[in-house]
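A.B. asks: First, the structure itself, so that you have it in front of you.
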Amino acid sequence: MTKASDLFIECLEAEGCEYVFGIPGEENLDFLDSLSRSKKIQLVLTRHEQGAGFMASVYGRLTGKTGVCVSTLGPGATNFTTAAAYAQLGGMPMLMVTGQKPVKKSKQGRFQILDVVEMMGPITKYSTQIVAGDNIPSRVREAYRIAEEEKPGAVHIELPEDIADENTEEKPIPKSAVRRPVPEDKSIIQALEKIHAAKSPILVIGAGGNRKLTSKMLEKFIEKTGIPFVTTQLGKGVVDERHPLFMGCAALSAGDYVHRAIEAADLIINIGHDVIEKPPFFMKQGGAEVIHVSYNTAEVDPVYFPQIEVIGDIGNAVWQLKNGVKKEEEAEWDFSRMMEVKKHHDAQILEGVGDMRFPIYPQHAVSVIREAMPDDGMICLDNGVYKIWFARNYLARKPNTVLLDNALATMGAGLPSAMAARLVYPDRKVMAICGDGGFMMNSQELETAVRLKMNLAVLILNDNSYGMIRWKQANMGFKDWGLQYGNPDFVKYVESYGGIGHRVGSAEELPKIIETALSTPGVHLIDCPVDYAENDQILNIDIKKRSAAV
């Protein structure tokens with residue numbers, strides 16, 4: 001006989017679980033005791049359940065394996081909801097394990113009890129309560145299967161206290177060998193006919209294209225055909241953005257140079273489109289036709305109705321298309337208009353790079369960080385107006401080296417994301433880039449990072465306000481009101497946790513401080529004042545006017 005909580009841990013081990021992030025409570029003590037004896041799984045004790053959920057989500061994004069987090073019932077479980085939505089919308093496999101009072105005989109009435117399974121239902125792919133120890137293997141295996149199946153997302157298992165204490169004779173269910181379905185030959189042939197008949201096709205790489213193997217296949221397809229490409233924010237880095245055929249990232253919703261490049265196409269090859277992202281183009285009757293290449297069929301939308309769908313494993317689809325497509329010199333495509341737009345795009349990206357004003361100009365900050373980071377270095381963004389600057393101006397060189405959230409677009413995920421990246425890639429340079437507002441939402445995880453002896457850089461772009469909303473406020477013609485606040489002394493703050501603080505006093509100091517933070521052991525926090533005064537003029541007015549004139 002095996003104790004049910006021991007069996008649960010055995011099932012996690014059988015799935016390859018490496019970490020359990022979170023804060024156990026009274027109702028998880030059997031689970032915690034069983035976890036203490038695991039030789040394969042490390043507990044990462046966090047300071048808030050939301051941070052644990054973000055870490056588990058990003059672990060899932062980076063590895064393709066389900067990240068696991070644990071909380072108690074009631075308030076612990078409700079603190080998971082933002083992270084659940086973050087994983088669900090962002091396509092990251094993540095399993096939440098929550099505790100519950102005994103379900104067979106409770107002596108505490110309704111104290112702390114919520115219907116967590118029902119609560120999690122709308123924001124997960126799967127939510128269930130374990131009602132008997134014998135059910136643990138099948139429920140854990142099912143949760144993992146659903147979490148990792150395209151589109152990946154969040155799942156939830158509730159393990160009541162009395163069920164965890166049961167005895168059972170069941171064993172873990174081994175994973176089956178599964179290969180994704182490949183696209184039908186006819187769909188590949190139809191897509192190739194469209195591509196060969198087009199005058200000026202373009203590739204749009206979205207969130208679904210950001211998976212293992214897809215990157216290499218897309219690079220080979222682009223090299224063979226010479227077809228230009230653009231990315232969405234969640235598609236950044238799938239193909240090296242220093243490539244001469246990179247037309248830009250759709251950081252703004254409309255009116256940017258990248259949109260001019262897409263408008264020059266008569267055929268859009270849309271790789272991994274996900275309606276969770278703002279669409280970088282809008283279809284219209286009689287306009288450019290679209291080939292939808294994805295794991296799933298296209299969701300019906302008034303502005304998205306592709307003419308051909310290639311459904312199945314994306315990497316295999318691109319490989320098949322690459323094998324059948326004409327070489328650049330054999331086709332009669334004309335990309336001159338796109339390349340003209342690219343010249344203006346690339347020139348605009350360089351503007352402000354050498355601007356040495358203080359507080360720091362955002363374009364200059366982006367260029368200094370890009371210069372400091374190696375090809376495989378990882379920047380993990382929180383949510384704020386600076387996300388637009390990094391999406392537009394920071395050229396990603398490898399997949400998943402720019403972790404940003406363009407799905408739920410939540411604040412508070414930057415620091416936990418960087419901590420998960422550090423665990424997955426201990427030899428890479430990792431930097432969290434946060435606004436002061438987003439940083440303070442999970443700043444307590446600095447203690448976790450220090451306790452785990454992480455080498456981590458955290459850059460705070462400090463404008464003493466909710467800068468993204470101020471930018472929108474200005475854009476909509478409202479007066480500047482209600483969005484400014486005070487901050488702690490960030491240098492003293494990180495030092496109080498045992499970290500190392502740096503304060504940027506001039507643009508000239510920034511490169512050296514960043515280099516020190518990236519190359520010196522410990523948790524480094526950089527307080528960097530930033531000047532967003534020109535955001536509205538540049539992002540809302542100048543770019544739209546200048547790109548329209550190209």
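The values are calculated or read from the model by the stated rules, or taken from the named source; none is laboratory data. Just so we're clear, the structure is a prediction, and the values are computed from it rather than from any experiment. Neighbour counts run over all protein chains shown; Cβ positions are idealised from the backbone, glycine included.
A.B. asks: Can you name every residue in the stretch 299-354 that is touching a residue at least 60 places away in the same chain (Cβ under 8 Å), within 17 Å of Ile205 (Cβ to Cβ) and surrounded by fewer than 18 Cβ atoms within 10 Å (Cβ to Cβ)?
C.D. replies: Lys322 - this is the single residue of the stretch 299-354 that is touching a residue at least 60 places away in the same chain (Cβ under 8 Å), within 17 Å of Ile205 (Cβ to Cβ) and surrounded by fewer than 18 Cβ atoms within 10 Å (Cβ to Cβ).
A.B. asks: Does Lys492 fit the bill of being of a type in the set (Lys, Arg), exposed (fewer than 12 other Cβ atoms within 10 Å of the Cβ) and assigned to a loop (DSSP other than H, G, I, E, B)?
C.D. replies: In short, no.
A.B. asks: So, of the residues in the stretch 372-418 that are among the acidic types (Asp, Glu) and touching a helix residue (DSSP H, G or I) at 6+ places or on another chain (Cβ under 7 Å), which turns out to be surrounded by the fewest Cβ atoms within 10 Å (Cβ to Cβ)?
C.D. replies: Asp405
A.B. asks: Continuing with the same structure: For the stretch 305-339: of the residues being under 26 Å from Glu149 (Cβ atoms) and among the aromatic types (Phe, Trp, Tyr), which is modelled with the highest pLDDT?
C.D. replies: Across the stretch 305-339, the extreme among qualifying residues is Trp319.
A.B. asks: Scanning the stretch 499-536 for residues that are in a strand (DSSP E or B) and among the aliphatic types (A, V, I, L, M), which turns out farthest from the chain's Cα centre (by Cα)?
C.D. replies: The selected residue is Ile500.
A.B. asks: For Asp480, indicate whether it is part of a loop (DSSP other than H, G, I, E, B), of a type in the set (Asp, Glu) and at pLDDT 95 or above.
C.D. replies: When the stated conditions are applied, Asp480 does not pass them.
A.B. asks: Can you pull out every residue in the stretch 188-216 that is at pLDDT below 95 and in a helix (DSSP H, G or I)?
C.D. replies: Ala207, Gly208, Gly209, Thr214, Ser215, Lys216
A.B. asks: Can you tell me which residue among Thr98, Thr124 is closer than 24 Å to Leu415 by Cα, more than 23 Å from the chain's Cα centre (by Cα), at pLDDT 95 or above and not assigned by TED's automatic domain parsing to the domain that holds Leu403?
C.D. replies: Result: Thr98 is the single residue among Thr98, Thr124 that is closer than 24 Å to Leu415 by Cα, more than 23 Å from the chain's Cα centre (by Cα), at pLDDT 95 or above and not assigned by TED's automatic domain parsing to the domain that holds Leu403.
A.B. asks: Between a first residue in the stretch 363-380 that is basic (Lys, Arg) and a second residue that is at pLDDT 95 or above and buried (at least 22 other Cβ atoms within 10 Å of the Cβ), which pairs have beta carbons less than 7 Å apart while being 6 or more apart in sequence or on different chains?
C.D. replies: So the pair list comes out as Arg370/Tyr394.
A.B. asks: Can we say Glu158 is over 30 Å from Gly324 (Cβ atoms), in contact with a strand residue (DSSP E or B) (Cβ under 8 Å, 6 or more places away or on another chain), surrounded by fewer than 16 Cβ atoms within 10 Å (Cβ to Cβ) and not hydrophobic (A, V, I, L, M, F, W, C)?
C.D. replies: no
A.B. asks: Mind checking which pairs have a first residue in the stretch 401-425 that is under 20 Å from Ala85 (Cβ atoms) and in contact (Cβ under 8 Å) with a residue 24 or more places away in the chain and a second that is in a helix (DSSP H, G or I) and among the basic types (Lys, Arg), Cβ under 6 Å, 6 or more apart or different chains?
C.D. replies: Leu404/Lys387
A.B. asks: It is to be established whether one or more residues within the stretch 419-435 are surrounded by fewer than 18 Cβ atoms within 10 Å (Cβ to Cβ), among the aliphatic types (A, V, I, L, M) and either over 20 Å from Tyr386 (Cα atoms) or outside the structural domain of Lys65 (by TED's automatic domain parsing) (or both).
C.D. replies: Looking through the stretch 419-435, none of the residues is surrounded by fewer than 18 Cβ atoms within 10 Å (Cβ to Cβ), among the aliphatic types (A, V, I, L, M) and either over 20 Å from Tyr386 (Cα atoms) or outside the structural domain of Lys65 (by TED's automatic domain parsing) (or both).
A.B. asks: List every residue pair whose Cβ atoms lie under 9 Å apart, where the two residues are 6 or more positions apart in sequence or sit on different chains, the first residue falls within the stretch 50-73 and is over 21 Å from Met411 (Cβ atoms), and the second residue, located anywhere, is in a helix (DSSP H, G or I) and of a type in the set (Phe, Trp, Tyr).
C.D. replies: Going by the 9 Å Cβ cut-off, the qualifying pairs are Lys65/Tyr59; Lys65/Tyr144; Thr66/Tyr59; Thr66/Tyr144; Val68/Tyr59; Val70/Phe31.
A.B. asks: Now for a separate question. Could you tell me which of the residues Val550, Val530 is touching a Leu at 6+ places or on another chain (Cβ under 8 Å) and of a type in the set (Val, Ile, Thr)?
C.D. replies: After applying the criteria, what remains is Val530.
A.B. asks: Search the stretch 411-456 for residues being in contact with a Lys or Arg (Cβ under 6 Å, 6 or more places away or on another chain) and assigned to a loop (DSSP other than H, G, I, E, B), and hand back the single one that is nearest to Thr516 (Cα to Cα).
C.D. replies: Within the stretch 411-456, the match that is nearest to Thr516 (Cα to Cα) is Met454.
A.B. asks: Still on this structure: Report those helices (runs of 4 or more DSSP H) wholly inside the stretch 1-116 carrying at least 2 residues which are acidic (Asp, Glu) and surrounded by 16 or more Cβ atoms within 10 Å (Cβ to Cβ).
C.D. replies: 4-14
A.B. asks: Considering each of Lys212, Lys175 in turn, give the residue that is assigned by TED's automatic domain parsing to the domain that holds Gly272 and in contact (Cβ under 8 Å) with a residue 40 or more places away in the chain.
C.D. replies: Lys212
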